[in-house]
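One structure is given here, and the rest of the page talks about it.
The values are calculated or read from the model by the stated rules, or taken from the named source; none is laboratory data. All of these numbers come straight from a predicted model, not from anything done at the bench. Cβ placement follows ideal geometry from the backbone for every residue including glycine, while neighbour counts extend to all protein chains displayed.
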Amino acid sequence: MSIATLVLGNYIMIAELLGLWVMLYSNVHLKRRTINVTRGVIILIFTEAVFWAVERYLREVGYLTWTRIILTPTIYLLHPIILLGIMEMAEFVKKRRFLIYLPILISAPLLYTSQWTHLFYWFDEKNLYVGADSILRYYPYFLFLFYVIYFVGAFTLRYARYGRAERKGVLISIIASSIGVVLHIVFEIDADYSTLFASLLLIYYLSLYVLTAKEDTLTQLLNRQCYYADSERLRERVTAVVSVDMNDLKKINDTEGHDAGDRALKTVAGCLAKNKLRNKKVYRIGGDEFAIFYLGKSEEEVKKDIERMREELAKTPYVCAFGYEMVGDKDIDTAMLGADREMYTNKAKLKDTRERRIAAHKEATIRVMHEALGSGMWGMEFDESGKMVSVEWSQEFRKMLGYKDENDFPNKLESWSDLLHPDDKAAVLKEYRDTIADYSGQKNYDVEYRLKSKSGEWRWFHAIGRLLRREDGTPLSYVGMFVDINDRKTGRKSGG
């Protein structure tokens, strides 16, 4: 057997593998690991072709050689190993890798010792291949079939959300190849499968390349380009759109690092795509922005799915705002604008609720401190536009002025401002308003002034206030305290 004979006999396979090897240098979509694994598979296929050619040459020798005894089980094992390598290209085998490789690890010693155990096959003294009398003679083919079935299942699950045409192309190639192998077994025709593997690798690589071009590399959701393409391609089938925005991603990146932000995005993506609802397509269209298309789904089905996604997110530390819109007679872009508006409204409510919860906790802490010190507390609440919507005066403050309850001293700003001394009023109100207007949060309310008590006496108070603000600087809560300093300001002795 000459090298020329080997090359000419495998010319198609060599041409395919060589072309693929060169194409790998121009790849911009696939991961470096995928490219390296692809190169490894190419080498394995070429190795299998060489081993097959050598083994076929040794059949013509009139005596048995150790080379043939070693090459035959090696070729049997190379077939499932090549298929596993193809699976590794798309990282199908991430978890429990040892269990997936276990059948090969168990089979290797059994195949290499079969010459002496006669478990599967052996070679007689005339160098003839003899198969076992039992069904075990087909064991190498069963081993390969096991990995074919695993490959089909893993590939289908991995790309269940998209790539229907690509999936069909690969699956048809695998099934057709498997049928060819079965027919060779049935009719007992020996064949070198390296060309078959090379063709399958090319088709699979092409589909993987296309599928990866559709995929967001971080979250494995559909990407922005696919979103735009599907907006046109599926415009007649999309019945509802959903806009999703993740809260506080920038804060996570700034405080915990970008790795933590990436983990958060992966977790959120998993929650959005977890239930694998049919005819649901999930896209990552921006840093923390996601979109969902529903094909042929009713409004009730969409609302239920949004609720399921919220339940999944509730199990994580992350929060997302949702908005949806039924397409109806609208085009997808218009419907998405409506979903965006609803999402931003939901986002504002979520953020305001969270900020108010934080403010309420701080206010409760301050209230306890004031009660312990015997000082009077006051608090005010503001809406998103910065307009004051409520005022609360503590009972301790009312008692300082001689009032009994809210009926006596209502929870409104005028209850306090109308009692300010004429000489202090303008300056105090200016300080109060300037503190609210300072969106930088640097200015604090700190004044001394006189208030008229219920008995008509003017008493001195020291008032301190602190604004709790939203992220955009607008006031959220204004909390503070009153301390009676009348004795100090008038020179009286306490109790005198």
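Overview of values
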{"quantity": "Members of segment 271-287 that are farther than 19 Å from K304 by Cβ and either touching a Leu at 6+ places or on another chain (Cβ under 7 Å) or surrounded by 14 or more Cβ atoms within 10 Å (Cβ to Cβ) (or both)", "calculated": "Y283, R284, I285, G287"}
{"quantity": "Options V302, V282; residue that is at pLDDT 90 or above and closer than 23 Å to A213 by Cα", "calculated": "V282"}
{"quantity": "Strands (runs of 3 or more DSSP E) enclosed by segment 228-346 - at least 3 residues per element that are outside the structural domain of E471 (by TED's automatic domain parsing) and farther than 30 Å from T156 by Cα", "calculated": "320-326"}
{"quantity": "Criterion: at pLDDT 80 or above and outside any loop (DSSP other than H, G, I, E, B) - qualifying residue of K430, K443, K454", "calculated": "K430"}
{"quantity": "Residue list for segment 92-111, restricted to those being closer than 21 Å to Y204 by Cβ and surrounded by fewer than 14 Cβ atoms within 10 Å (Cβ to Cβ)", "calculated": "K94, R97"}
{"quantity": "Residue in segment 58-80 that is within 27 Å of L171 (Cα to Cα), of a type in the set (D, E, K, R) and surrounded by 14 or more Cβ atoms within 10 Å (Cβ to Cβ) present", "calculated": "no"}
{"quantity": "Some residue of segment 55-66 being under 50 Å from the mean Cα position of the chain (by Cα) and within 26 Å of L196 (Cα to Cα)", "calculated": "yes"}
{"quantity": "Lone unmet requirement of (1) under 17 Å from E325 (Cα atoms); (2) touching a Cys at 6+ places or on another chain (Cβ under 7 Å) for E312", "calculated": "(1)"}
{"quantity": "Looking only at segment 387-409, and only at residues there that are in contact with a strand residue (DSSP E or B) (Cβ under 9 Å, 6 or more places away or on another chain) and polar (S, T, N, Q), the one that is surrounded by the most Cβ atoms within 10 Å (Cβ to Cβ)", "calculated": "S394"}
{"quantity": "Selected residue (criterion: nearest to M388 (Cα to Cα)) from residues of segment 410-433 that are surrounded by 15 or more Cβ atoms within 10 Å (Cβ to Cβ) and touching a Leu at 6+ places or on another chain (Cβ under 7 Å)", "calculated": "V428"}
{"quantity": "Filter result for Y209 (among the aromatic types (F, W, Y) and either at pLDDT 70 or above or farther than 23 Å from R233 by Cα (or both))", "calculated": "yes"}
{"quantity": "Residues of segment 302-331 satisfying the condition of being closer than 29 Å to D262 by Cβ and in contact with a helix residue (DSSP H, G or I) (Cβ under 7 Å, 6 or more places away or on another chain)", "calculated": "M309, E312, L313, T316, Y318, V319, C320, A321, F322, G323, Y324"}
{"quantity": "Test result for P109, in contact (Cβ under 8 Å) with a residue 24 or more places away in the chain, in a helix (DSSP H, G or I) and either under 22 Å from L71 (Cβ atoms) or touching a Leu at 6+ places or on another chain (Cβ under 7 Å) (or both)", "calculated": "no"}
{"quantity": "Among (1) modelled with pLDDT of 90 or more; (2) exposed (fewer than 15 other Cβ atoms within 10 Å of the Cβ); (3) farther than 30 Å from A15 by Cβ - the single one S114 does not satisfy", "calculated": "(2)"}
{"quantity": "Any pair with Cβ under 9 angstrom, 6 or more apart, that starts in segment 224-247 at a residue that is closer than 16 Å to C320 by Cα and ends at one that is among the basic types (K, R) and surrounded by fewer than 17 Cβ atoms within 10 Å (Cβ to Cβ)", "calculated": "S243/R341; N247/R354"}
{"quantity": "Cβ pairs under 6 Å, 6+ apart, first in segment 28-49 and within 14 Å of A90 (Cβ to Cβ) and outside the structural domain of L8 (by TED's automatic domain parsing), second among the charged types (D, E, K, R) and surrounded by 15 or more Cβ atoms within 10 Å (Cβ to Cβ)", "calculated": "none"}
{"quantity": "Residue count, segment 447-491 (criterion: without any contact (Cβ under 8 Å) to a residue 12 or more places away in the chain and surrounded by 14 or more Cβ atoms within 10 Å (Cβ to Cβ))", "calculated": "1"}
{"quantity": "Qualifying residue in segment 368-384 (condition: modelled with pLDDT under 90, surrounded by fewer than 17 Cβ atoms within 10 Å (Cβ to Cβ) and among the polar types (S, T, N, Q))", "calculated": "no"}
{"quantity": "Check on T72, β-branched (V, I, T), farther than 26 Å from A213 by Cα and in a helix (DSSP H, G or I)", "calculated": "yes"}
